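Remarks on the structure that follows.
The values are calculated or read from the model by the stated rules, or taken from the named source; none is laboratory data. Note that the structure is a prediction, hence the values are computed from the model and not measured. Neighbour counts run over all protein chains shown; Cβ positions are idealised from the backbone, glycine included.
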Amino acid sequence: MKLFDSHCHLNDSAYDKDVDAVIKRAHDVGVSACMIVGTDKESSIKAVALATSTNNIYASIGIHPHEAKHCSESTLKYLINLAENTKVCAWGEIGLDFNRMYSPQDDQEKWFIRQLEIADKYNLPVIFHERDSNGRLLEIVMTHSKKGRKGVVHCFSGNRMELEQYINLGLYIGITGVLTLKKRGAALRKLAPIIPVEQILIETDAPYLTPAPEKNRTRRNEPAFVRHILFKLAETRKEDPEYLASVTWENSCRLFNI
């Protein structure tokens, strides 16, 4: 099987000492491609550097809602220039996070909308981050809609109504290791079967959200563990793992224009 980890943070300091070994472990178990996602200027620079130096590693750049209070037009101009690198295949992760409120809501919404405009202008797919926005992200996305916009709702954690709205917008749905967790993943396991197969991606969000059973062994997630998500998703949907691996690979390549 050939797997695509569609969202990870190998640009995180957690991998500073052994990123090459982490990439090799992923490759050894069939994880043949990864999307490294930026969350601010520095992590975006690091993502592009890693992607440029490594085959089958790609980069996304953007300002996460947690970092919105530090965003500026000059920062976005820098990222726009960075996007000229051919390994930059998406803009994000961007969106709204009203759970921890590391940035004020006004700042989050202002820079989310601005980054949507940039992604649309440069025809880059969007990686969306949404947590506890109570429908506000959907409202903004629909208000600032663009025909043909592609995107993925990273680490989907919403309800059925939200899921159906995302699907109707043509967005992909990112499934993380939460699916494998007995209690926390129960709601997601109920919803996973209704996602059209052509709109599903698998992702680790490494170094976060370590899936079971690896969660019992290590706190740090890594792309190699995406296979556990794939197998649990196949079990939940009653589909053949090899078929699902092939489809999620094709979905990732189609979304990111790879």
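Quick rundown of the values:
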quantity: Matching residues in the stretch 176-199 - criterion: being within 22 Å of Glu139 (Cα to Cα) and not in a loop (DSSP other than H, G, I, E, B); calculated: Leu191, Gln199
quantity: Qualifying positions in the stretch 129-143 - without any contact (Cβ under 8 Å) to a residue 40 or more places away in the chain and either closer than 21 Å to Arg100 by Cβ or surrounded by 13 or more Cβ atoms within 10 Å (Cβ to Cβ) (or both); calculated: Glu130, Arg131, Asp132, Ser133, Asn134, Gly135, Leu138, Glu139, Val141
quantity: Those residues of the stretch 144-196 which are out of contact with any helix residue (DSSP H, G or I) (no Cβ under 9 Å at 6 or more places or on another chain) and surrounded by 16 or more Cβ atoms within 10 Å (Cβ to Cβ), in sequence order; calculated: His154, Gly174
quantity: Residue in the stretch 223-239 that is at pLDDT below 95 and over 21 Å from Ile127 (Cα atoms) present; calculated: no
quantity: Residue check for Val126: surrounded by 22 or more Cβ atoms within 10 Å (Cβ to Cβ) and over 16 Å from His64 (Cα atoms); calculated: no
quantity: Those residues of the stretch 211-225 which are among the hydrophobic types (A, V, I, L, M, F, W, C) and buried (at least 21 other Cβ atoms within 10 Å of the Cβ), in sequence order; calculated: Ala224, Phe225
quantity: Scope the stretch 23-49; condition of a type in the set (A, V, I, L, M), more than 18 Å from Gln115 (Cβ to Cβ) and surrounded by fewer than 21 Cβ atoms within 10 Å (Cβ to Cβ); matching residues; calculated: Val29, Ala49
quantity: Residue check for Lys146: farther than 14 Å from Asp97 by Cβ, touching a residue at least 12 places away in the same chain (Cβ under 8 Å) and more than 16 Å from the chain's Cα centre (by Cα); calculated: yes
quantity: Lone unmet requirement of (1) surrounded by 17 or more Cβ atoms within 10 Å (Cβ to Cβ); (2) outside any helix (DSSP H, G or I); (3) among the hydroxyl-bearing types (Ser, Thr, Tyr) for Tyr208; calculated: (1)
quantity: Subset of the stretch 83-113 (residues that are surrounded by fewer than 15 Cβ atoms within 10 Å (Cβ to Cβ) and either in contact with an Asp or Glu (Cβ under 7 Å, 6 or more places away or on another chain) or of a type in the set (Lys, Arg) (or both)); calculated: Asn99, Arg100, Lys110
